Amino acid sequence: MVESSLLKQIVDKEYPLATHGVGVFLYDQNGRDYIDGSSGAMTASLGHGLRDIAQAMKEQAEKVAFTYRTQFSNQPAEDLASQLTSLAPGDLNWAFFVNSGSEASEYAIRATVNHWRSKGQPEKVEVLGRHTSYHGMTMGALSMSGHEARRPDYGTLLHEFPTAPPAYAFRFGRPGESEEQYSLRAAQEFEDAITKHGVSTVGAIIVEPIVGAAGGVLVPPQGYLRHLREMCDRLDILLIVDEVITGLGRTGAWFACETEGIVPDMLLFGKGISGGYSPMAGVLLRDHLVSTMRDGSGVSPFGHTYSNNPLGSAISLAVLEYMDRNNILDNVNDRGRELHQGLLKLEKQFDFVADVRGKGLLWGFEFVRDKTTKEAPNPKENISSSFVDECFNQGLIVYPAGIAPLNNAIILSPPLIISQQEISKLLNRLESSLEKFSSRFN
Ligand code: PMP
């Protein structure tokens, strides 16, 4: 560990210094290697040290330092908007770029307000999220998030806690219930929460297609997103899908909502779009939203200083180009199957590992004290964080997730370029960490 006196950043604890990275490996100041098994925070999706991306950064930086969104457009941002809207499903034909997932959430709130005001229904300002969901740390984004651990300090600054339950079969599925039945019931529970709240002020709902940090990779039953789409149409509410984690290839498709064949009214992306080489995020909007705003109170001129900035856009274009040229989606699906098989083996091997779940290269599992009762560890034990530390000792980075006391989960989301050999190495280090950790469950 570094001397704390050398570090002047505000951090919750001392961390080693990362000096560099190569592919899926990170190195600290002592030369130790770590497999980046979570791509940082599901972000460094192409791994580290890619010359193609560094070159694109350099070329763009040499052209222009910065252009401001309300003074100039710039070619990389235009090209990025074109590429993303052509990759996205349906008529998500418009893009607005920001710098973080939280800002994307904030923009979605503002666009919701603007949309309904333009339609002459200014009372529809609320965006309802779900319990066990996360959309960012800024106050609007956190208001929509049902992440118990992150909210309590901010009390009345936040809106009401989201009450719609997650679609989470391991904990909320009923015995004998089919996937189709559960998808209908979970969607109905969302509708009940909206009805209880009062639908007239609800402008939109927001969901992660697969819940990330707040749940530990909760894959909803097949059909759930389709039922939510149908519900939103019926109740005249916008559907916002937060693909900050799941977008840009993470689940083996460009966007996770594609697998259900739905088109949300807004789609948020972030993290993997720039492969972590720069802050970058954004929102895709459907035609009808943009035309309503244009015909009504106008598209808001407000954004953020670095919205649509040329450097982040050039980097993101280089990421998309790299992914296309190297058939990264195929790799995600092939390596994803291997990771899944390896995790299932570990689930069998260790009594305290349960509910391996995920898609593509986004996987999670949770710790249980008893596989039959599914009892979660006591929150005071801080199991997920301790396991992250154990993995760190074994040279593996994993991501802590879940919301105690409901669950204690771990996310595995390695860079999308990971090789077969590296998947085996990751699984070996994970197995060693679980072996070391077994004593915690005796
Ligand atoms: N949405 C989701 C689904 C996220 O997982 C996150 C971050 N973990 C955010 C939004 C917020 O993104 P950021 O941290 O870039 O603000």
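The values are calculated or read from the model by the stated rules, or taken from the named source; none is laboratory data. None of the values given here were measured: they were computed from a predicted structure. Note that each Cβ is placed from the backbone with ideal geometry, even for glycine, and that neighbours are counted across all protein chains shown.
Summary table
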| item | result |
| --- | --- |
| Flag if L239 is within 26 Å of A354 (Cβ to Cβ), aliphatic (A, V, I, L, M) and within 16 Å of the ligand (Cβ to nearest atom) | no |
| Flag if S45 is in contact (Cβ under 8 Å) with a residue 40 or more places away in the chain, surrounded by fewer than 21 Cβ atoms within 10 Å (Cβ to Cβ) and not charged (D, E, K, R) | no |
| Close pairs (8 angstrom Cβ cut-off, 6 or more residues apart or separate chains): more than 19 Å from M231 (Cβ to Cβ) and within 16 Å of the ligand (Cβ to nearest atom) in segment 249-270, of a type in the set (S, T, N, Q) and at pLDDT below 95 anywhere | T251/T259 |
| Members of segment 192-218 found to be closer than 17 Å to G360 by Cα, more than 9 Å from the ligand (Cβ to nearest atom) and in a strand (DSSP E or B), listed by number | L218 |
| Flag for R130 being among the basic types (K, R) and within 12 Å of the ligand (Cβ to nearest atom) | yes |
| Residue match in segment 176-192 (condition: basic (K, R) and either surrounded by fewer than 17 Cβ atoms within 10 Å (Cβ to Cβ) or outside the structural domain of L218 (by TED's automatic domain parsing) (or both)) | no |
| Unique residue being part of a helix (DSSP H, G or I), surrounded by 24 or more Cβ atoms within 10 Å (Cβ to Cβ) and over 14 Å from the mean Cα position of the chain (by Cα) when the list is L225, L284 | L225 |
| Subset of segment 91-127 (residues that are within 12 Å of the ligand (Cβ to nearest atom) and either in contact with a helix residue (DSSP H, G or I) (Cβ under 6 Å, 6 or more places away or on another chain) or not assigned by TED's automatic domain parsing to the domain that holds M280 (or both)) | V98, S102, S105, E106 |
| Hits in segment 137-166 - residues which are within 15 Å of the ligand (Cβ to nearest atom), part of a loop (DSSP other than H, G, I, E, B) and touching a residue at least 40 places away in the same chain (Cβ under 8 Å) | M144, S145, H147, A149, P166 |
